[in-house]
Amino acid sequence: MASSQDNKSQENKDVHNILPGTPQSFDNEKMGSPPWKSSPDANPPEPKFLVPPGLEHLSKIHHIIIHQEVELLGVFLGTEKSNKYEIKDNFGQRLYFAREENIYLNKNLCGPLRPFTMHIANNTGREVIKVIRPLRCITCFFPCYLQELEVQAPPGTTVGFIVQKWDPLLPKFTIQNESKEDVLKIVGPYLTFRCLGDVNFEVKTLNENLIIGKISKYWSGFVNDVFTNADNFGIEFPADLDVKLKAALIGTCFLIDLMYFEQSSDGI
């Protein structure tokens with residue numbers, strides 16, 4: 001009986017050492033806090049990490065919805081412009097809106113491979129996050145030059161990177177902090193097309209033993225999927241995850257949308 005209790009206590013301690021937001025034990029303080037935590041303080045009543053200006057709305061929420069805006073006239077005429085998105089909380093209140101900036105020729109020639117800069121602004125119009133995607137490879141047959149995004153918050157201050165990892169079967173990405181240190185992993189399904197259900201990309205710890213969140217492509221129905229290319233995503237994460245990593249997950253969502261789900265009427 002005593003041995004069973006000891007094992008259970010050790011398992012709980014192991015979970016505390018991994019899961020964001022769990023109290024840190026004295027032993028864990030000696031070892032250092034997990035890389036996504038910005039403070040080693042035990043049992044913090046409020047997040048102790050520095051919140052970049054404009055990201056205060058992200059500091060205490062655990063679920064956001066990203067809705068792509070589509071101009072129907074442009075879809076039918078084949079004159080779609082750069083993507084635009086609304087970023088909302090789980091109550092439907094808009095927190096930010098995002099606008100893709102690129103050269104129209106890039107959209108036509110490069111399609112989902114195209115480089116872009118995503119400008120994310122709050123409701124007052126002030127840009128608070130910038131996501132920069134250079135032109136890189138997208139296929140597993142070229143593992144030496146795969147996708148990499150830079151996330152800045154505020155613009156000009158790098159807070160993280162999203163790096164695609166080579167895998168012959170599964171979509172895989174690593175989220176890095178501003179020092180290019182690996183922090184979290186994202187693993188997608190073998191098939192990213194599903195006509196009657198959501199497609200989930202799991203957010204995991206570095207050892208991939210624990211799922212702490214997910215990025216979901218919501219199935220929106222036959223009419224919407226066929227006649228427009230509007231995508232709806234949900235992102236779930238621990239409420240006390242560092243807001244800089246939450247911003248990085250938003251950037252990852254845009255990358256996943258272009259790589260696996262964008263289908264436009266002009267053949268891109």
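Derivation of every value follows stated rules applied to the coordinates shown; laboratory data play no part. All values derive from a computational prediction rather than experimental measurement. Neighbour counts run over all protein chains shown; Cβ positions are idealised from the backbone, glycine included.
Given R0 = 41 Å, the distance between the Cβ atoms of Leu169 and Asp89 translates into a calculated FRET efficiency of 0.75. Each Lys or Arg adds one and each Asp or Glu takes one away; over the other residues whose Cβ falls under 9 Å from the Cβ of Met118, this sums to +1. Fully extending the segment from Tyr190 to Arg99 would add 29.8 nm, taking 0.36 nm per residue of separation and subtracting the current Cα-Cα distance. If you take every residue apart from Ala153 with its C-beta less than 9 Å away from the C-beta of Ala153, what net charge results, scoring Lys and Arg +1 and Asp and Glu -1? The answer is +2.
In this label model, Glu69 and Asp182 are separated by 3.9 nm, measuring between points 7 Å along each Cα→Cβ vector. For the cross-link pairs Lys60/Lys180; Lys88/Lys217; Lys185/Lys244; Lys172/Lys217; Lys60/Lys84, the ones whose C-alpha atoms lie over 21 Å apart are Lys60/Lys180; Lys60/Lys84. Other residues within the sphere of radius under 13 Å centred on the Cβ of Glu178, judged by their own Cβ, net out at -2 (K and R +1, D and E -1).
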